[in-house]
1. Run Thr165 past the list (1) out of contact with any His (no Cβ under 9 Å at 6 or more places or on another chain); (2) modelled with pLDDT under 95 and report the number of the one that doesn't hold.
2. Restricting to segment 207-227, name every residue that is more than 17 Å from the chain's Cα centre (by Cα), part of a helix (DSSP H, G or I), at pLDDT 90 or above and surrounded by 13 or more Cβ atoms within 10 Å (Cβ to Cβ).
3. Looking only at segment 86-95, decide whether some residue is more than 19 Å from Gly30 (Cβ to Cβ) and in contact with a helix residue (DSSP H, G or I) (Cβ under 9 Å, 6 or more places away or on another chain).
4. Could you list, in sequence order, the residues of segment 91-118 that are crowded, with 21+ Cβ neighbours inside 10 Å, in contact (Cβ under 8 Å) with a residue 40 or more places away in the chain and either among the small types (Gly, Ala, Ser) or in contact with a strand residue (DSSP E or B) (Cβ under 8 Å, 6 or more places away or on another chain) (or both)?
5. Looking only at helices (runs of 4 or more DSSP H) that lie completely in segment 1-118, which have at least 1 residues being among the hydrophobic types (A, V, I, L, M, F, W, C) and within 15 Å of the chain's Cα centre (by Cα)?
6. If you take the residues in segment 145-162 that are within 13 Å of Leu24 (Cβ to Cβ) and in a helix (DSSP H, G or I), which one is farthest from the chain's Cα centre (by Cα)?
7. Can you tell me which of (1) within 19 Å of the chain's Cα centre (by Cα); (2) in a helix (DSSP H, G or I) is the one Leu174 doesn't meet?
8. Across segment 119-134, what is the total count of residues that are open to solvent by 30 Å² or more (accessible area, probe 1.4 Å), part of a helix (DSSP H, G or I) and touching a Ser or Thr at 6+ places or on another chain (Cβ under 8 Å)?
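The values are calculated or read from the model by the stated rules, or taken from the named source; none is laboratory data. Note that this is a predicted model, so its numbers are computed, not measured. Here the Cβ is made from the backbone with ideal geometry for all residues, glycine too, and neighbour counts use every protein chain on show. To get the accessible areas, we keep the full protein, side chains included, count just its heavy atoms, and leave off ligands, DNA and RNA. Shrake-Rupley method; radii C 1.70, N 1.55, O 1.52, S 1.80 Å.
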Amino acid sequence: MEPGFTTGSPTHITCLLVSAVLALLIAWLGRKWDPESAASKRLRWIVVAGSVLSWVGNSIWFLLPQNLILEESLPLHFCNFTNLIAAVAIAKRYRFFQAVLYFWTFALSIWAFLTPTLMHGPASVEFWAFWIYHFFILAAVAFVLMADKFRPVWRDFRRTLAFTTVCMTALFVLDRITGWNYGFVGPSDPQQPTLIDYLGDYPIRIVWMWMLGTTLFALLMLPWRTRRKIGAPET
């Protein structure tokens, strides 16, 4: 019988460490190399291609007839969206996408790293699909922060919060109608333990999730406020 995946296991810790080290290495090279050099441009497009291809591969795998479970398989989770947002943020360097990538990674997608909703071990395709597409989220945000030197301001916070609220509302309506749990704003619970287990019953937990997310977004502004010079513009 195939061994499963357990949060906090040596396999989990190893995946976290490998993902973090590789993401930081990619971002460090992006920062070190001349941004106009051929090597730097290739590295940027590797991150873009990895983000897109991991999204495509993951989506195709779970949409295959033998794997298709409508309440789980559609690419409608925040991490699925983040892969595509990451690709645009790296390829085009649009500030809005850089901001969404930053806040969503460290306030939303971080929980996928810490408490993965993953049932299968390294012998399964699901295991590798999960960690590869999550890795490229981490690599992209590290690249945006280190190589592209993105620094959030309060306007980024407000725009990302508004966008996130719209996305949560849309997924809540979909989940309410179907009984699904995309974005974890539906009535069902993940099979693996997550932070959601401590937020109470549905649907009131959606309010706590929004408040927790807003708080985390605000906390993610603090490191940059301490570094920003007094009087610098924050529009």
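1. (2)
2. Ala218
3. no
4. Within segment 91-118, Ala99, Ala107 meet the criteria.
5. 10-32, 38-63, 78-92, 95-104, 110-114
6. First, the residues of segment 145-162 that are within 13 Å of Leu24 (Cβ to Cβ): 145-147.
Cutting the leftovers down to in a helix (DSSP H, G or I) gives us 145-146.
Numbers: Leu145: 15, Met146: 17 Å.
Looking at residues that are within 13 Å of Leu24 (Cβ to Cβ) and in a helix (DSSP H, G or I), I get Met146.
7. (1)
8. Number satisfying all stated conditions: 1.
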